[in-house]
Structure formats: structure tokens, C-alpha cells
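Here is the structure we will look at, set down as C-alpha cells.
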Amino acid sequence: MGWDSTIVSGFRAGIVAIRRDGVVAYINPIGLRILEGSPLAVGDRIQDKAGENSFFWMLGEAISLDYLSTRVETYLTDKNGEPMRLGFTLSELKEGDRKVGICAFFKDLRHVEMDEENENVRQRLQLLEHIAAGMAGEITNPVVNLGIVRNMLLAQAAQAGIKLTALPMMEEEISRLENVIRECQGFLQPVKLNPQESRVDVIIDEIVAKLSALHTGVEFKVCKPEGMDLSAEVDPGLLAKALTSIVANAVDACKAKGGIEITFALSRHFSDLVRLDREVRSLLPGHSGKEEEFLRIVIRNDGPGIPGGIRDRIFIPFDPARKSKGGIGLPVAQKIVSAHGGILELGETAKKGSEFSVKIPIKQKR
């Protein structure tokens, strides 16, 4: 058995070896797949590729350095145009005491980011559920008492032959408070998935058909990559509820006129068996070797955009800074996406408007 080749082929990170003259001597299969959006091939001269991205530039600079940086992070673009955070470390290649080149070990760190974001979302949802439970409890008894008082007033007014002009306003406010209680109680319900293979693009098509009939001033555009299977193991009913909230929020953001664009893409990277410390252990072995695919749905609108002051609070229920309708639509959507093992986040956009990105795994963990 050739142990050297066996170990290298089994290493679950990208590996690229570069000779002292800057020519790429070796790239392992995982490295080729990670760099699909920024191709690098055996025989390429790294200095000629240095202008393409910061990773190649640093590799070119490292050829002539006596000191090599470790645990470096930078950004590339994957084959779908999605930003990819890349972590890498460098080491010298030697024959005896003579330096003959360098070797880079690199990994797509987006799954580490997703794990951390999922953990943050879980903690935030637990806090919000605690707050929602407190709100529902505090409001329920006064609302019940108000209902009793309303009925007493109706009975007394009927006996006295008096018309109470303020009563409709009182009933409207009681109804509003009862709706708040129902929303809080709905937010507290655990998300129980019934995953099944579903066409997510069909779910989107149905949502768009319903909302476009209601909002004729909005122009919807759904972009599907040709020939791409857009199926995933999801709970179709719950995912439809989450995506409806996000698209309805986009309609509200552009004031029921303007344009909404929905695009699909696949992203693929490797998952880890253990939670890694980004600062110290992000590039150490411990890889499961399992490759996971995620379906990415981006929903953009051309409205005025979300002010910077409330971007961090967009998923907080009943936040007073938010003027849009629906107190818990986006928070519930985030809860559903998180239950699928995915991420719902507010993205950055260079154009006007706002952009929400949903990333869900193609297969649910068993």
C-alpha cells in the first residue's frame, strides 16, 4: 500500500502544492471542487493567476517568503456566484534542507458559519419564545376581563335603552389584543417537520400565483437554472408558510408596486462532525468527509430598502421600529427554516431594495 497517496487522497480538505518556480504541481480532487468558481490547474503559474483573487495572490506572495502565515481566511466566489469564506494554512515543501515549494491546505468554511448562525438563531428563538410566553400570559387575563366588562355594558345599555357609540372601538381593540395573543401562542408552538421530497420551485410558483392575483401592481420574476433539479426534503406546508411570509414581506416593502425577483441556486460544501473553534481549529482534521448540498432561494425587491438601524432587529416579533405589517411573519419564517437545518438571513444588495436569502439542505439529517 502506498501510504503517502492514501493519506493525501483521504484528507478531507483542499490541498495544492506549488513548486518554487510558482508552477502548480498538485491539486487533490476536493481542492478542485472547492475552487470550481476560481479554477486552478496543474501546470498553471500561480503568479499569472494572482490578479484573480486574494487566495491566489497570497499563494504567489508565499513562494518567496521565509515566514508562512497560518490560519488565514479570505473570500472567493463559488461556481454559482455565491460568496465563499475560505480558510487555509501554508507549509513549506522540502527535500532535505532545501525548500522546493509550498503546500496550502484549505477548506470552505461556510458550513462552520452556518453552524454558528444556527446556534445564534436557536438561542435567539428561545429568548423570543420566553418573551412571547410572558406577553401572552400578561395580556390574556386583562383581555378576558375586558370581554366580561364589554358584555356587562351591552346588557346594561340594552336595559336602559342606551346606544354606546364607543363600544365598537372597544370591541375592535379587544379583537386586536386577542389577535396578538393568538400570534404569540402560534410562535410558541414547536415546529414539527414532516419532510418529504418536494419541488421547491413549484411551492414558489404557487405562492407567486396567489400573490400576483392579489397585487396586480407587482411584477414577479422567477429565475430557475435550466436543467437543475430544485427538489429537497422539506415539510411542504411549513416551508410554503415561511416562503409566503418572506414574499409577502417583499410585496409590503415595495408598497404593492414594483418588482420582486426570486432566484434559485445550489451550493455545495463539506460538513464537519464536530463544532470547530474558528480561531484555533478551523483547519485541523476532524472532517466527516460528507458532502452536503443546499438549495438557495434569494428573494429580492426593489423597494426603498431596510434602514441600517433596524437590520439587526428584522426578525424580532412586534419590534416597534418596524412599520411593515405582520408582527411575527419573518420570525416564524426564520423558525421554520431553522427547523429544516437551514438559514434565513437578510442579505446585502448594491441596488435599491432588500434581499432575503433562504438556504436549506437538500436532504434532512436522519
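Rounded to the nearest Hz, the phi-derived 3J(HN,Hα) couplings of segment 153-161 under the Karplus curve 6.51 cos²θ - 1.76 cosθ + 1.60 (θ = phi - 60°) are 4, 4, 5, 5, 5, 5, 5, 8, x, where x marks glycine and proline.
Modelled this way, with points 7 Å down the Cα-to-C-beta line, the labels at Val149 and Glu61 are 6.9 nm from one another.
Computed from the C-beta positions of Arg19 and Asp97 and an R0 of 22 Å, the FRET efficiency is 0.80 to the nearest 0.05. Sum up the charges of everything whose Cβ sits under 9 Å from the Cβ of Ile34, counting Lys and Arg as +1 and Asp and Glu as -1, but leave Ile34 out. Residues near Ile34 contribute -1 overall. Starting from the amide H of Val100, placed 1.01 Å from N in the peptide plane, find each other amide H under 5 Å away whose residue is 5 or more places distant or on another chain. Correct list: Leu93, Lys94, Glu95.
A short reminder: the numbers here are calculations on the coordinates, not readings from a lab. Just so it is clear, the structure is predicted and the values come from calculations on it, not from any experiment. As a convention, Cβ positions derive from the backbone with ideal geometry for all residues, glycine included, and neighbour counts pool all protein chains shown.
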